[in-house]
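Engineer: One structure follows; several queries about it will come next.
The values are calculated or read from the model by the stated rules, or taken from the named source; none is laboratory data. Keep in mind that this is a model prediction, so the values were computed, not measured. We place every Cβ from the backbone using ideal geometry, glycine too, and count neighbours over all the protein chains shown. Keep in mind that these areas ignore ligands, DNA and RNA; they rest on the heavy atoms of the full protein, side chains included. Shrake-Rupley method; radii C 1.70, N 1.55, O 1.52, S 1.80 Å.
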Amino acid sequence: MSTVRYQLLSQGGVFDHTTGKTIMRGEPGWNAYQAWLSQGNEPLPPVDKVPPLETAKENIKQAIRDYASGLRNKIYSGTSMWEAASWSYKFSEAVKITGYGPSTTLANPRIWEEAEIRGIDPRELAKIIERKATAFFEMEAKIAGVEGKHCDAIDKLKDVRDVLIYTWLTGWPEV
C-alpha cells in the first residue's frame, strides 16, 4: 500500500491531501492522479461514505507506517539486511575499541578480523563503523519520531472526518 494521497469527492473529482487542492477531470493534476491509480493505489472514499472511526484510524496509521518504511528502505538502499542487522552490535563493539566504551581489550574479534582483511588499523575501522552507525541511528530516530507523532495524533482523534483529512505528510526527514 502506498501513501493515501487522494480522496474521492461526492460531487466528482478528487481532493489531493498533499497539496490541499481539489482536482477535477481534465484539470492540472488529473494525470498525476491517474498515474497514482495505475500503480495500484486506492483513494479514500468520499466523506459521505466514510468507514467506521477505528477502521479509518487503522488505514491512515498503516499508510503512515508504509511511508516510514519506504523512507527506511531508501536509507538502507544497497545495504543487505545482514549488514543492517549487524550495525548495532558493531557500534557497541567499535566504541570499546575507540576508548568510549567500557573495555578496549575485549572488543569484538570480528572487527579486528575485518580490519586485518582490509589492511587497516582496527581503531580506524572502529571510527568508520561509529560514523556510519551514528548516521543510521540518527535518521532512524527522526523517522520513528515523526511516525510515532502522527500515529499518536491519529489515535487521539474522535471524529472520522478529522482522521480522513489529517495531514500526516509533514515533518518527515529528507532522505
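Engineer: Which lysines have a Cα lying under 30 Å from the Cα of LYS158, excluding residues fewer than 8 positions away in the same chain?
Structural biologist: The qualifying lysines are LYS21, LYS49, LYS57, LYS61, LYS142, LYS149.
Engineer: How far is helix 53-75 tilted off the main Cα axis of the chain, in degrees rounded to 10, range 0 to 90?
Structural biologist: Here the helix axis deviates by roughly 40 degrees.
Engineer: Still on this structure: Give the angle, between 0 and 90 degrees and rounded to the nearest 10, that separates the Cα long axis of helix 109-118 from the longest principal axis of the Cα atoms of the chain.
Structural biologist: With rounding to tens, the tilt is 90 degrees.
Engineer: Report, to two decimal places, the Cα Rg of the range 25-102 normalised by 2.2 N^0.38 Å (N = number of residues).
Structural biologist: Values: Rg = 21.3 Å, N = 78, 2.2 N^0.38 = 11.5 Å.
My calculation over the Cα atoms of the range 25-102 gives 1.85.
Engineer: May I pose another question? For Cα extents along the principal axes in Å, which listed value, (1) 47, 45, 32; (2) 196, 45, 14; (3) 71, 34, 21, comes from the coordinates shown?
Structural biologist: The value matching this structure is (3).
Engineer: Taking a probe of 1.4 Å, how large is the accessible area per residue of the range 131-175, in Å²?
Structural biologist: Details: 2680 Å² over 45 residues.
Per-residue value: 60 Å².
Engineer: Additional query: Give the angle, between 0 and 90 degrees and rounded to the nearest 10, that separates the Cα long axis of helix 81-97 from the longest principal axis of the Cα atoms of the chain.
Structural biologist: So the helix axis and the longest Cα principal axis differ by about 40 degrees.
Engineer: Based on Cβ point charges of +1 for Lys and Arg and -1 for Asp and Glu, what charge dipole magnitude is obtained for the chain about its Cα centre, in debye rounded to the nearest 20? Numbers along the way, then the final one.
Structural biologist: Working: 22 positive and 23 negative charges, 34 e Å.
Here the chain has a charge dipole of around 160 debye.
Engineer: Let me ask something additional. What value, in deg cm²/dmol to 500, does the helix sum -39500 (n - 2.57) over DSSP H runs of n ≥ 4 give at 222 nm once divided by the residues of the chain? Show your work: numbers first, answer last.
Structural biologist: Numbers: 6 runs with 100 residues, N = 175.
It lands at -19000 deg cm²/dmol.
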